[in-house]
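The values are calculated or read from the model by the stated rules, or taken from the named source; none is laboratory data. Worth saying up front: this structure is predicted, and the values here are computed from it rather than measured. FYI the Cβ positions are ideal-geometry reconstructions off the backbone, even for glycines, and counts take in every protein chain you see. The area values use the complete protein model at the heavy-atom level, side chains included, leaving out ligands, DNA and RNA. Shrake-Rupley method; radii C 1.70, N 1.55, O 1.52, S 1.80 Å.
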Amino acid sequence: MRSRLGEMKHMKFSTKAIHAGQQPDPSTGAIMTPIFQTSTYAQSGMGENKGYEYSRSSNPTRTALEDCIAALENGTFGLAFASGLAAEQGILSLLKTGDHLLSCDDLYGGTYRIFERVIARYNIETSYVTTGKAEDYEKAIQPNTKLIWLETPTNPLLRLVDIRAIAEVAHRHNILLVVDNTFSSPYFQQPLDLGADIVLHSTTKYINGHSDVIGGAIALNDKETYEQIQFYQNAAGGVPGPFDSWLTLRGIKTLAVRMRQHEENARAVAKFLTEHPRVQRVHYPGLPSHPDHELANRQMSGFGGMVSFDFKGTRDDVDRVVRKLRVFTFAESLGGVESLVCHPASMTHGSIPREIRESRGLTDTLLRLSVGIEDIEDLLKDLAQALAE
Ligand SMILES: Cc1ncc(COP(=O)(O)O)c(C=O)c1O
């Protein structure tokens, strides 16, 4: 199927979310991209085919997804993977033994685990910058630094890193900048436009948005880098199946409306928590008291649907609160239409050693909310009854 990526470039986000990479199926007129549930394709002769040979290398449903995500990130190329971590591994395949990676220190535990326990075995060393300041990134650059890796807003403390300033530093030193844009989704933040070289998503989260698929994707502009990662995608084989690609495409169609509602609800939840006597501190970039509020206003077009807070009490008190919640479900993950609550220290960030976790401000009494798109009255009532003494 021919992609309409070029034609879509100048359209607005909501239009691209519904149409980019997709067109009525030429053989039947079907409006929705079919699920091409096939592993292989008939070829008419040696070296003659219709653009597809084997579904690990490419599949038309996946192509539609890859083109759609590239369009949403204002990128030229997209690649989809079987999970966010598989997409990360695709990017890390750009590195070789002896290279150095520089990363922000507040990041998803699974990403930290790949850095420390997978690529470290190939003698690729990672160091971490604790502040969001571009000059601290510049100071930490080594002669062998090949990638700078940012998550912004960070998980779970929702601090921001200045993408534009760090892109300038990276490019001055001939280093590629990767931004994990999972928390904002391309609706609220477009890192390639701010100078990043590669943008990464766990599509498991907001992009798919319905908590029924594990997936990952990247988008980028440079053809050579794209070809290197595409080579790895095919060579290592961590690709999403056609049905998961189709579900994700279907989820994307409502990304804009979902994100607007996630944000509206998250703002109300953040305000409610700020005023609650049993809450010590609320982390939400939309609050004027947030240390990175000004940067959030500059770099993002909205503040997203994630809110974290420190509870006044002990770990056992926190456990009692999560057991009382009825609309929020206690579970890993985020970005689905339903509200979730997670205890990062024992769940998403359990793979980070306690002393390192605590030195980064990730305490045992921190809870992270993925605020869903249910009726806000029900969400606030649920929080109020669970937090009541
Ligand atoms: C910010 C971020 N990046 C990457 C990942 C990894 O994605 P996946 O679970 O789809 O492999 C996650 C998962 O929670 C995440 O939160």
**Criterion: out of contact with any Gly (no Cβ under 8 Å at 6 or more places or on another chain) and either surrounded by 14 or more Cβ atoms within 10 Å (Cβ to Cβ) or of a type in the set (K, R) (or both) - qualifying residue of E138, E66, E88** = E138
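Determine whether L5 is modelled with pLDDT under 95 and within 22 Å of G216 (Cβ to Cβ).
Numbers: modelled with pLDDT under 95: yes; within 22 Å of G216 (Cβ to Cβ): yes.
Yes: the conditions hold for L5.
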**Request:** Scan the range 143-157 and give yes if some residue there is loosely packed, with under 15 Cβ neighbours inside 10 Å and over 25 Å from G110 (Cβ atoms), otherwise no.
**Result:** yes
**Subset of the range 96-114 that is more than 12 Å from the ligand (Cβ to nearest atom) and without any contact (Cβ under 8 Å) to a residue 40 or more places away in the chain - its residue that is farthest from L147 (Cα to Cα)** = T97
**Prompt:** Of E332, E355, which residue is within 16 Å of the ligand (Cβ to nearest atom), open to solvent by 60 Å² or more (accessible area, probe 1.4 Å) and out of contact with any Pro (no Cβ under 8 Å at 6 or more places or on another chain)?
**Reply:** E332
**Fill in**
(1) open to solvent by 10 Å² or more (accessible area, probe 1.4 Å); (2) assigned to a loop (DSSP other than H, G, I, E, B); (3) in contact with an Asp or Glu (Cβ under 8 Å, 6 or more places away or on another chain) all hold for L295 apart from (2)
**Request:** Test T28 against the criterion of being more than 24 Å from R260 (Cα to Cα), open to solvent by 20 Å² or more (accessible area, probe 1.4 Å) and among the β-branched types (V, I, T), and give yes or no.
**Result:** yes
**Request:** Starting from the range 329-343, take each residue that is farther than 17 Å from L383 by Cα and list its partners that are polar (S, T, N, Q) and open to solvent by 30 Å² or more (accessible area, probe 1.4 Å), counting only C-beta distances under 7 angstrom and pairs at least six apart or across chains.
**Result:** S333/S211; G336/S211
**Item:** Among (1) part of a helix (DSSP H, G or I); (2) buried (at least 20 other Cβ atoms within 10 Å of the Cβ); (3) in contact with a Ser or Thr (Cβ under 9 Å, 6 or more places away or on another chain) - the single one V321 does not satisfy
**Value:** (3)
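Quickly run through the range 275-290 and pick out the residues that are open to solvent by 80 Å² or more (accessible area, probe 1.4 Å) and touching a residue at least 40 places away in the same chain (Cβ under 8 Å).
Q280
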**Prompt:** Which number in (1) within 25 Å of V118 (Cβ to Cβ); (2) touching a helix residue (DSSP H, G or I) at 6+ places or on another chain (Cβ under 7 Å) marks the one condition that L380 misses?
**Reply:** (1)
